[in-house]
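**Student:** Below: one structure in structure tokens.
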Amino acid sequence: EELVIATFGGSFAEDTKTCHIAAFEKATGATVAMKVGSSVQHAAAIRAMGGRSQFDVAYMDDSLATQLANEKLLSPIDAAKLSNAADLIPGALTDGGRFVVFMLGATALAYNPEMMPEPPTSWSDLADPKWAGKIALGDITGTSGMQFLLALNKMHGGTIDNVDPGIAAAKALAPSVVTFYTQADQIVSLFERGEIAMAPWYPDRVGSAADKGVKVAVAYPKEGAVGIRPTLSVPEGAPHPDLAHKFIDVVLSPEGQACFAERKYAGPVNTRVELSDKVAAIVPTGEARDNLWFPDPQAVAENLPNWTRRWQREVTR
Amino acid sequence: MAKLTIDRLHKRYGDSDVVRDVSISVADGEFVSLLGPSGCGKTTILRMVAGLIEPSGGRILADDEDITRAPPHKRRIGLVFQSYALFPHLTVAENVAFGMKRQGVRGAELAGRVKEVLALVRLDHLAGRYPRQMSGGQQQRVAIARAVAPRPRMLLFDEPLSNLDAQLRDEMQIELKRLQGRLGITSLFVTHDQSEALSLSDRVCVLAHGVIQQFDAPEAIYARPANGFVASFIGRPNRLSGQVDATGEAGRVRIGPALTLRATHPQAPVGAAAEVIIRQEAIRIRPASASPQGDDDIPGIVAFRSFTGARVQYVVRLAGDVEIIAETSSAGPEAGLVPGAPVVLSIDPGQVFVMPAATTATEGAP
Amino acid sequence: MAKLTIDRLHKRYGDSDVVRDVSISVADGEFVSLLGPSGCGKTTILRMVAGLIEPSGGRILADDEDITRAPPHKRRIGLVFQSYALFPHLTVAENVAFGMKRQGVRGAELAGRVKEVLALVRLDHLAGRYPRQMSGGQQQRVAIARAVAPRPRMLLFDEPLSNLDAQLRDEMQIELKRLQGRLGITSLFVTHDQSEALSLSDRVCVLAHGVIQQFDAPEAIYARPANGFVASFIGRPNRLSGQVDATGEAGRVRIGPALTLRATHPQAPVGAAAEVIIRQEAIRIRPASASPQGDDDIPGIVAFRSFTGARVQYVVRLAGDVEIIAETSSAGPEAGLVPGAPVVLSIDPGQVFVMPAATTATEGAP
Amino acid sequence: MIIRRRTGAALISPLALVLIACFAAPIILMLPTSFREYLPGMGITPGSWTIDNYAQIILDDYYREVVWRTFGLGLLVTAIALAIGYPLALMIVRGPERWRVPLILLVVFPMMLNLVVRSFGWIALLANRGLLNNLLIDLGLIDTPLKLMFNMTGVVIGLVHIYLPFMVLMLVAAIQAVPRDVEAAASTLGAGRIRSFFMVTLPLTASGILAGSILVFVLTISALVTPRMLGGATYRVLATVIYDEYMQLLNWPGGAALAFALTLAALVIVWASGRLAKRWGGMA
Amino acid sequence: MTLAPGRIVAIIAVLVVIFLQVPVIVTMLAAVSTTSYLTIPPQGLTLHWFAEVLSDPEYLKAIRLSLILAVSSTTLSLVLGVAAAWAIHSRALPGSEAIASFLMAPLVFPSVVIGVALLQYVSLLRLYGGTGVLIAAHVVITVPYIVRAALSSLGGVDRSLEEAARVLGATGFEAFRLVTLPLIRPGLVAGALFALVTSLDNVPVTIFLLAPGQQTLPVLIFSSVEHGVDPGVAAISTIMIILTGLILLIAERRTGFHRFV
Ligand SMILES: Nc1ncnc2c1ncn2[C@@H]1O[C@H](COP(=O)(O)OP(=O)(O)OP(=O)(O)O)[C@@H](O)[C@H]1O
Ligand SMILES: Nc1ncnc2c1ncn2[C@@H]1O[C@H](COP(=O)(O)OP(=O)(O)OP(=O)(O)O)[C@@H](O)[C@H]1O
Ligand SMILES: [Mg+2]
Ligand SMILES: [Mg+2]
């Protein structure tokens, strides 16, 4: 039997193979075929296949998963089939939910330690005139952009239903921004050439980049980083729902989580995982994890088009 | 090889009739020329016979088999295109071999026949060249060789010699005629060169505006033109306007205020405005001093002399400022007249064609 | 308008010399034709004069001004291209106006001159057409009009009449000559039609393989060819192989085992193999019965008869199976001979050109 | 007569079938979607129909701006590709014979460079600290880096680079078809080199210019990867907006409406420019 | 001589050619950097990335599928497109003009939407992705180039050549194969080149239709840059360019397409 997983590309796929697929194949005797792409592509594909999914398991951001769950394009997760369900951190799996959070990421501050010997401590460091023309922001079409907007908004007293303060603050930042990046790797080359000192980015990516020799490190702002909860789900009409659950269980197992954390700097959702110091410095754990703020995915899904529109018209125009 | 019958063939483009109910029958092995001004429908007729244009009406029969709707490749008719239409990506030999290969001729036989046909058009030494490496005349000969090679039952020629110089043209005419005679291939030949048409053909078909004007043996066409159009189209005519003074055997026609010519059997009634057509070669010119003047001699003055090699042409000014062109052999005693010299012309009344004024348009649709 | 001097002009392509040290000088207002077989370098010379090809050596002078390296648009030389080279995106009138506009002619004057020149070539009614909507002959006339219109100081014509039918060709020749005479434009004219060259030109330059063979007045070229090549290229020659029997005024040449002809001043020594060139029109043919036989009469039998309108050609078989072509007027009494009829030929010994056997290749480089 | 109507139908029908089955049918399935309403977070609302998706393209000034920008970008890229491609094409056709093959190969090579990789190349070259700016600063020609990337300049450079080979190859074919004698005729009639180029060569290559321009224009206005990578978030064109609507926001009704509008407008422009160019080339 | 392009034209042409080569050179340089991220100018010099890429089964698989797709869809497009172009050119059908312009539509229509629409469509038909569907999709996006190229080269072929072949006994198809086809071949080379490039570069349509486990080179590159690129992608591009160069040189030797392209 062949289990089809719609996962992310590049090193993510490599690490999935090493950490999860090998163990899964060994345990079940089934094989795994990967379909690599981004969250949005998987979401679009699941929508297009309209309940006749050829994917068994899909990797997606929580807001997209929420959206598809609302459209009933994902089938409910059966917690009873997941042996690790009990060990998960709160919020990873809601009862009757249609997806499960398999790692914790965050939008935090990436910085160039050579240009900034003192690590940044707050989102507001981005607005420091000292760094004008040396910062980059994510565009709202990427997770980091959207989350940074919400973080700014919260810092300036806005709520999820009113992002005026956030938009205003982003607009004020815009002139000192080198670029609103749309592709994670634009950021790598910007850091690499010393074009920027600081940008909201993902700790796991910072870790990978730093491993490759790029001069970049991560700092968690004191206001709290914004949490990212990549999810696993079983689309409606998936050919092998049982195997899919087994696969998800492997991903959630302490071994799977630890392996992924070590290789991919993914914040584990299984409470029984022990991390090395190097990894612990990067992934959200301890205080940083407690400090994480998770915007309500339902609200995000509902408001994102509106925010996007405003962002495009008022900030990046 | 085959008899060709064209029966009330018609072609209309939009609302203009380009070929109008043309019927021509060509006997087995006969050589027929189509002659007519530019745009009169010659090419159109050939293309209908070859199957490249669909007739609007009428039938085409080869040996009593109706081929009006047969596709071109089933007709076994060779066509030499006005524009050669050589295959630019094939060598001369490959061009010539094309048709034979379609018939399944292969190997040594093919090579032999290609060689033979190329020798016929004097191009065996250029077999390996591409068309673009050849001069216009050479290309034209390849086109002939290509059409002849598959031994079609009929050959259609669309001005096949127009780009050759005088000598090569003469040689090719003789070759063509020999070839046609030897193989006995029924041929339909289009040309704008009358002497070519007259010398090569068993019969000549003169067309104007898509309508047959006369279809007869060359000498009959020349000596007894059926109408004004044919008279003025064949030969090198002087065309004058006049008025008929008398009809019948002793007809007379008046040209301008001061000149009257004898003309047997004018084709217009007395008093009618007429077009008078006299061929240059039908006029004899002599120095005024040379010989006693006859009754019909017309005095004039040489206005212009033109030497063309074998012939000399004179523009002679007659009474009433009428100008007429006469020609004579450059070897004869009349070759040396200079402008200003007084001369007398004598014109055979049987060669003076008098036609009603309207019938002689020589140009087809532009 | 201007004198043209071509001084030791040379053109080599790779390692073949296409034009070899040609010197021609054309007087102000003179009309000179270049005549020669295909590929002999005629077009190449014209293009060098126009500035479209760079000479490998030699000079070109217009009115003593050296223009050898001047760019074409500064030369004020009109050229009628062999391929017409009309501007496909411009109407006939716009094509004709092109050169005048470059000279700054505008408005009413421009329109007037366009009209005038188009009338000259009988195309004023087609001024608004595009070249592709016209027949080949019409396009050729536009090309002439376009070259003439800016009144250049010199006109170069590259086979400008090759696609016209006999009548139009005659008319256009006369028009061209009139125009050239009226405007006095120095002209260099290339043609493959000898009678055209002979009748239009003040002088004719015969070329072979890029070398001038003879440069002289038309009648001189015809009557006194400088060498075997010219003799056989001009006119319609019979070419026979023979052997010189006697030289000088009372020369004789033997052709085959049984035939001897008189020839004044053979150009080869006694006993030498020779090429004998006799023009068709230099031979008089009579029925054997008609008149008393003279000393020089040669008996023969008509083998083949060909009617070309004004002329009739006979292939006559002489003693020893030698075949010779003779022509006569179709109006004369000798026009009606049939194959098999016994005839006698008489040939003016002054018209029998005898040349050493090797000099008379008529084809240029292939 | 060379081929009959029946043969013609037989020849064209395989392609027609493929296009109908694999292009027209799926696209037409999308057409109803473009008249649906999209509720963020909930999905496409079944049952209700609306033309808002189309109306907003005209009414919303942001969309209007993107539309104008897209078509403006198309024109600009086409014009630049034409302006710099023509001399190159001219050089290939009319330059020294021995240069021809190398030049053609050098034009074709860059076509094989993957779009994404190519974009990275441009970022490395044109960014604020890229090779070019560094060079200029080191040479003392400029003090502050030129903004060449993540704006219109970057997109234009990137797109011109991608589509230039298309333009050049089309122009080469067109210039080759101009008879040399016609140009020579212009010069014997007193037109200098520049004038004969503008009065003869250029009009005679009108159909090639048109074909190349249409191709480049159409490809430019539908280009996605390059504007995304080199334009950044601040320089959005229709294709990126459609991508975002479709992919990021899952707003298929809005995206589909934009896609249909774009295609329709492009086809109309293509058709109209064809007529114009025909008139220019005297072929009407 | 007189019409040789002037100095200015030559200078512009050289600059344009240099402009075209710049990213190529940059990519080639990036491919030999010892760093594990893309950087220009390269630091150090190594062929490690070439070895890496050529020994990576993912890449090899992706290249293989990409080539299969490119070659088969270009071939199919050639067959279908040339046949259709011939019919359009011969004006054997009413509305030929309209058909010809409709064929431009796949070029303009946003390819993401084509991709999603196709996925929706094949899901409805319960076909799902896979090589067959991919080839069909690539035919759709490449065939416009072939039709354009074929139409414009057919326009340059003298009609009477085909007629001459017919009169010499060739059937309509033989006439096309023996006469017209060889004459338009150089133009088709250019069209095929456009088609190949388009197929080899396509992400938006392909990504939706790949079957699980399938991968094409552009999709692989595209999805790997989202998660960090190394000089491997530069190496693979360099390999593709060199490969293309070789193929073109051979094609040039065989068909002399530069005379017409
Ligand atoms: N496709 C067409 N549509 C309309 N008219 C046409 C078409 N083809 C030919 N004609 C017209 O038909 C007439 C006859 O043309 P055709 O080519 O048969 O003339 P032709 O006698 O061969 O002339 P030429 O001696 O110049 O070759 C011409 O007046 C021409 O304009
Ligand atoms: N570019 C070239 N390279 C090599 N040889 C050439 C070139 N152009 C012309 N020739 C040769 O130069 C010779 C003269 O050519 P040219 O065109 O001047 O002949 P022509 O006398 O005008 O012949 P025609 O009467 O056929 O027009 C020919 O043998 C031709 O093959
Ligand atoms: Mg004709
Ligand atoms: Mg010539």
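**Student:** How far apart, in nm, are two points set 7 Å out from the Cα along the Cα-to-Cβ line at A:ASP164 and at A:SER122?
**Tutor:** For A:ASP164 paired with A:SER122, the spin-label model returns 2.4 nm.
**Student:** Moving on to the next point. Pick from E:LEU248, E:LEU78, E:LEU69 the residue whose mean-square fluctuation is largest in a GNM of chain E, springs joining Cα atoms under 10 Å.
**Tutor:** Answer for the Gaussian network model of chain E: E:LEU248.
**Student:** Any chance you could look up the accessible area of A:MET115 with a 1.4 Å probe, heavy atoms only, rounded to 10 Å²?
**Tutor:** Approximately 60 Å² for this residue.
**Student:** What's the magnitude of the charge dipole for chain C around its Cα centre, counting Lys and Arg as +1 and Asp and Glu as -1 at the beta-carbon? Answer in Debye, nearest 20. Working shown, then result.
**Tutor:** On the way: 41 positive and 39 negative charges, 279 e Å.
Dipole size: approximately 1340 debye.
**Student:** Would you be so kind as to identify all helices of chain D, as entire DSSP H runs, whose Cα atoms reach 18 Å or more along the helix's own axis and whose mean Kyte-Doolittle hydropathy is at least 0.5?
**Tutor:** Answer set is D:5-19, D:61-94, D:152-176, D:206-221, D:252-280.
**Student:** Using a Gaussian network model on chain D with a 10 Å cutoff between Cα atoms, which of D:ALA256, D:ALA173, D:ALA184 fluctuates the most?
**Tutor:** D:ALA184
**Student:** Could you give the angle, 0 to 90 degrees to the nearest 10, between helix A:254-264's Cα long axis and the longest principal axis of the Cα atoms of chain A?
**Tutor:** Approximately 40 degrees, to the nearest 10.
**Student:** Springs between alpha-carbon pairs under 10 angstrom, Gaussian network model over chain E: which of E:ALA100, E:ALA13, E:ALA170 fluctuates most?
**Tutor:** E:ALA13
**Student:** If the cut-off is 18 Å between C-alpha atoms, which lysines fall inside it for C:LYS42, apart from same-chain ones fewer than 8 positions away?
**Tutor:** Within reach: C:LYS11.
**Student:** Among the trypsin sites (Lys or Arg not before Pro) within the range C:21-108, which fall in a DSSP loop and have no more than 10 other Cβ atoms within 10 Å of their own Cβ?
**Tutor:** Here the sparse-neighbourhood loop sites are C:ARG69.
**Student:** Could you sort D:LEU171, C:LEU110, B:LEU183 by their accessible area in this structure, using a 1.4 Å probe and putting the largest first? Display every interim value, and only then the final one.
**Tutor:** On the way: D:LEU171 0, C:LEU110 20, B:LEU183 50 Å².
Largest to smallest exposure gives the sequence B:LEU183, C:LEU110, D:LEU171.
**Student:** Let me know the whole percent of all Cα-Cα pairs from chain C that are separated by more than 34 Å.
**Tutor:** 39 percent
**Student:** So if we plug the beta-carbon distance of C:VAL211 and C:ASP348 into 1/(1 + (r/R0)^6) with R0 = 22 Å, what FRET efficiency do we get, rounded to 0.05?
**Tutor:** That gives a FRET efficiency of 0.15.
**Student:** Do the sum for the protein assembly as shown: with -39,500 (n - 2.57) for every DSSP H run of n ≥ 4, divided by all residues, what is the mean residue ellipticity at 222 nm, to the nearest 500 deg cm²/dmol?
**Tutor:** Mean residue ellipticity, 222 nm, calculated: -13000 deg cm²/dmol.
**Student:** Residues with amide H under 5 Å of B:THR247's amide H, sequence separation 5 or more or different chain, H placed in the peptide plane at 1.01 Å from N; which?
**Tutor:** Close amide H contacts, sequence-distant or interchain: B:ARG252.
**Student:** Once the Cβ-Cβ distance between B:ALA111 and E:LEU181 is put in as r, and R0 is 30 Å, what FRET efficiency do you end up with, to the nearest 0.05?
**Tutor:** The formula returns an efficiency of 0.75 here.
**Student:** Which cysteines in the protein assembly as shown lack any other cysteine whose Cβ sits under 4.7 Å from their own Cβ?
**Tutor:** Among the cysteines of the protein assembly as shown, those whose Cβ sits 4.7 Å or more from every other are B:CYS40, B:CYS205, C:CYS40, C:CYS205, D:CYS22.
**Student:** Another question, if that's okay. State log₁₀ I(q)/I(0) for the range C:48-186 at q = 0.11, 0.13, 0.15 Å⁻¹ as given by the Debye formula over alpha-carbon point scatterers of equal weight, solvent excluded.
**Tutor:** Here the Debye-derived log intensity ratios amount to -0.41, -0.57, -0.75.
**Student:** Under the √(5λ) rule applied to the eigenvalues of the Cα gyration tensor, what semi-axes describe the equivalent ellipsoid of the range D:184-284? Give them in Å, descending.
**Tutor:** 41, 16, 7
**Student:** Would you kindly calculate the mean projected area, averaged across all directions, of the convex hull enclosing the Cα atoms of the range D:113-263, in square nanometres?
**Tutor:** Projected over every direction and averaged, the Cα hull of the range D:113-263 covers 12.8 nm².
**Student:** May I pose another question? Which whole-angstrom value gives the distance between the alpha carbon centres of the range A:1-80 and the range D:72-93?
**Tutor:** The distance from the Cα centre of the range A:1-80 to that of the range D:72-93 comes to 46 Å.
**Student:** How far, in degrees from 0 to 90, does helix C:166-183 lean away from the longest principal axis of the Cα atoms of chain C, to the nearest 10?
**Tutor:** 60 degrees
**Student:** Please work out the FRET efficiency for the pair C:SER289 and D:ARG180, using the Cβ-Cβ distance as r and a Förster radius of 56 Å; give the result to the nearest 0.05. Show your work: numbers first, answer last.
**Tutor:** Details: r = 63 Å, r/R0 = 1.13.
Working from the Cβ atoms, E equals 0.35.
**Student:** Place +1 on the Cβ of every Lys and Arg and -1 on the Cβ of every Asp and Glu in the protein assembly as shown, take the dipole about the Cα centre, and give the residue among A:LEU73, D:TRP99, D:LEU139 whose Cα lies farthest towards its positive end.
**Tutor:** Toward the positive end, the furthest listed residue is D:TRP99.
**Student:** Could you work out how far apart the two model spin labels at D:ARG5 and B:ASP124 are, taking each label as a point 7 Å from the Cα in the direction of the beta carbon, and quote it in nm?
**Tutor:** Label at D:ARG5, label at B:ASP124, 5.2 nm between them.
**Student:** Here is a follow-up. Over the alpha-carbon set of the range D:15-72, divide Rg by the Kirkwood Rh and report the Rg/Rh ratio to two decimals.
**Tutor:** For the range D:15-72, the value is 1.11.
**Student:** With a 1.4 Å probe and every protein chain kept in, tell me what percent of the accessible surface of the range E:134-261 is carbon plus sulfur. Could you put the intermediate results ahead of the total?
**Tutor:** Numbers: 2330 of 3630 Å².
Using a 1.4 Å probe with all protein chains present, the range E:134-261 comes out at 64 percent carbon and sulfur.
**Student:** What is the projected area of the convex hull of the Cα atoms of the protein assembly as shown, averaged over all directions, in nm²?
**Tutor:** So the mean shadow area of the Cα hull is 68.6 nm².
**Student:** Here is a further query. Using θ = phi - 60° and the Karplus relation 6.51 cos²θ - 1.76 cosθ + 1.60, list the HN-Hα couplings for the range A:74-84 in order, rounded to whole Hz, with x at every Gly or Pro.
**Tutor:** Once rounded to whole Hz, the list reads 10, 9, x, 7, 9, 4, 5, 8, 10, 5, 8.
**Student:** Can you give the accessible area of E:THR34 in Å² (nearest 10), computed on protein heavy atoms with a 1.4 Å probe?
**Tutor:** 80 Å²
**Student:** For the protein assembly as shown, what is the percent of antiparallel DSSP beta bridges, rounded to the nearest 5?
**Tutor:** Of those bridges, close to 75 percent are antiparallel.
**Student:** Going by alpha carbons, how many degrees (0 to 90, nearest 10) lie between the helix axis of B:107-120 and the longest principal axis of chain B?
**Tutor:** 10 degrees
**Student:** So for the pair A:SER276, B:ARG239, with labels modelled 7 Å out along Cα→Cβ, what separation do we get in nm?
**Tutor:** Inter-label distance under the simple model: 10.6 nm.
**Student:** Then there's this: Mind jotting down a quarter of the surface of the convex hull over the alpha carbons of the range B:1-97, in square nanometres, one decimal?
**Tutor:** Over all viewing directions, the range B:1-97 projects a mean Cα-hull area of 7.4 nm².
**Student:** Please say if chain D is rounded, prolate or oblate, where rounded means a/c under 1.5 for a ≥ b ≥ c the square roots of the C-alpha gyration tensor eigenvalues, and otherwise the choice is prolate for a/b larger than b/c and oblate otherwise?
**Tutor:** The shape class here is oblate.
**Student:** Further, regarding this structure: What's the Cα-based Rg to Rh of chain E, Rh via Kirkwood?
**Tutor:** Across chain E, the Cα-based Rg/Rh ratio is 1.03.
**Student:** While we're on this one: Between chains D and E, what is the buried accessible area in Å², counting both sides, with a 1.4 Å probe and ligands, DNA and RNA left out, to the nearest 100?
**Tutor:** 8100 Å²
**Student:** On a C-alpha basis, how far is the centre of the range B:125-158 from the centre of the range B:1-78 in Å? Whole number, if you could?
**Tutor:** 23 Å
The values are calculated or read from the model by the stated rules, or taken from the named source; none is laboratory data. As the structure is a prediction and not an experimental result, all values here were calculated from the model. Glycine also receives a Cβ, built like all others from the backbone with ideal geometry; neighbour counts cover every protein chain displayed. Surface areas here come from the heavy atoms of the whole protein model, side chains and all, with no ligands, DNA or RNA. Shrake-Rupley method; radii C 1.70, N 1.55, O 1.52, S 1.80 Å.
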